[in-house]
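The values are calculated or read from the model by the stated rules, or taken from the named source; none is laboratory data. All values reported here derive from a predicted model rather than from experimental measurement. Reconstructed Cβ throughout: ideal geometry from the backbone, glycine too, with neighbour counts over all protein chains shown. Accessible surface is based on the protein model in full, side chains and every heavy atom, while ligands, DNA and RNA are left aside. Shrake-Rupley method; radii C 1.70, N 1.55, O 1.52, S 1.80 Å.
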Amino acid sequence: MSRTEQHYPREADARWRDYEWEIIPTSPMPPAMNIALDEVLTRRVGAGDRRPTLRFWGWDSPVIVIGRFQSVRNEVQIENAAEHGVQVVRRITGGGAMFTLPGLDITYSIYAPPDLVKGLSFPESYAFLDSWVVDTYRELGIDAWYAPLNDITSSGGKIGGAAQARRFGAVLHHTMTSYDMDPTLMTQVLRIGMEKLSDKGLRSADKRVGPLRQQTSLPREAFFHALTERFMDLTGGELGEISNLEHQAAVELVRSKFSTEEWTYLLP
Amino acid sequence: MHGEYKTPGGKLVVVDFEVRDGKIVEPMVSGDFFLYPEESLEHIVGSLVGLSIDSSEEQIAEVVAAAVPEGTEMLGFSPEAIAIAIRRGLA
């Protein structure tokens, strides 16, 4: 694998300390709740009603998360997904489809004021906002680096991908990384076309990914622990939680938007 | 019709559309690209409606580029990528 690394100006690292951060630990929830919370918390941070926040996601169901601009039919084998109880949700950021089972991914969102990434190009901002994760993975023995535009990758294959939205007065940056995977089920529920692989040589679909589990014997919990520790060291942040108000707002958004066919099949 | 193009080192763009009276109708542009602001997609899609199927790649790219609102960031794709996907769909 060629090693094209995305860099950013290292002096940006000092900016994390410009804010008081809150860290919300993972807890299992319905797929659409994770998407709705992204909108709610981005709005709250953008309006100054919440401190800048890092939230770890959790799932109570197998899920395919498709990008804001993806066509469901082009990405998902809809009947197979339904048969295997895999929910399909559309997130509010661009980028590609990700498939995971509960307990196999490490996914998080950063909700921050735009000033955190001021003056950085989009590619730089992606690498900057995920740098603490790449550093943590390296510390835990994974030969990881950031590949443009939005991939955390490694000598063992792609680990995960990030996506951003700049809306509601804030930056939303979220990243799904794969701790472990079910490659057979993945090829049954996702569509991976030849055109998508066209500039990636002759590697097959499941060889493009290299989940952490294939590269370490550490349990998934060790990664959550190390990531939380590192983010606290980096930012001086402390643990927090989703408020009742935010939870209610997200439940309402699930009902009115993110669980509707109109949203999920926005691009059929 | 259905055409796909992946920008080398970039993202996939897919254009699905129908052809009526020699013109493109009901276009849908999708893919794993990034676009800021998101609403710019409507302008891009709108510019494709009614395009002659005899339009060259360069002509399609020009029409799309002219429709992209100022200040829009297209990451991983471009008007040219959309034009290639359409020409492929028509091939």
(request) Find me the longest stretch of chain A that has none of the exposed GluC sites (Glu not before Pro), where exposed means in a DSSP loop (not H, G, I, E or B) with at most 13 other Cβ atoms within 10 Å. (result) A:21-240
(message) From the P(r) of segment A:68-175, could you give the percentage of C-alpha pairs in the tail past 20 Å?
(response) 48
(request) Note down the nm distance, to one decimal, between modelled labels 7 Å out along Cα→Cβ at A:H84 and at B:H43. (result) 4.0
(message) For a distance above 19 Å, tell me the whole-number percent of Cα pairs in segment A:114-169 that qualify.
(response) 30
(message) Under the 0.36 nm per residue contour assumption, what length would be gained going from the current alpha-carbon distance of B:S56 and B:E70 to full extension?
(response) 2.6 nm
(request) Quote the FRET efficiency, to the nearest 0.05, computed for A:R255 versus A:R191 with a Förster distance R0 of 41 Å and r equal to the Cβ-Cβ distance. (result) 0.90
(request) Express in % the proportion of alpha carbon pairs of chain B at distances exceeding 22 Å. (result) 16
(request) Mind computing the radius of gyration and Dmax over the alpha-carbon atoms of segment A:41-120? Å is fine for both. (result) 15.4, 47
(message) What percentages make up the Cα-Cα pair-distance distribution of segment B:39-91 when the bins are 5 Å wide from 0?
(response) 4, 22, 34, 24, 11, 4, 0
(message) Taking 0.36 nm per residue of sequence separation and subtracting the Cα-Cα distance, how much length would be gained by fully extending the chain between A:D180 and A:T4, in nm to one decimal?
(response) 60.9 nm
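DSSP H helices in chain B with Cα extent of 15 Å or more along the helix axis and mean Kyte-Doolittle hydropathy at least -0.5? Before the final figure, lay out each step's value.
Working: long enough: B:57-67 (16 Å, 0.55); B:79-90 (17 Å, 0.68).
Taking the DSSP H segments of chain B (at least 15 Å long, mean hydropathy at least -0.5), we get B:57-67, B:79-90.
So, in segment A:21-263, how many Lys pairs have Cα atoms under 18 Å apart, if the pair is 8 or more places apart or on different chains?
Step by step, the pairs that qualify in segment A:21-263 add up to 4.
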(message) For A:R255, what accessible surface area do you get with a 1.4 Å probe? Give it in Å², rounded to 10.
(response) 150
(request) Please find, in a Gaussian network model of chain A (springs between Cα atoms separated by less than 10 Å), the residue of A:N80, A:N34, A:N150 whose mean-square fluctuation is greatest. (result) A:N80
(message) If I histogram all Cα-Cα distances within the protein assembly as shown using bins 20 Å wide from 0, what percent of pairs lands in each bin?
(response) 30, 60, 11, 0
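Given 0.36 nm per residue, what is the gain on full extension from A:R138 to A:D49 after removing their alpha carbon distance, in nm?
28.6 nm is the gain from fully extending A:R138 to A:D49.
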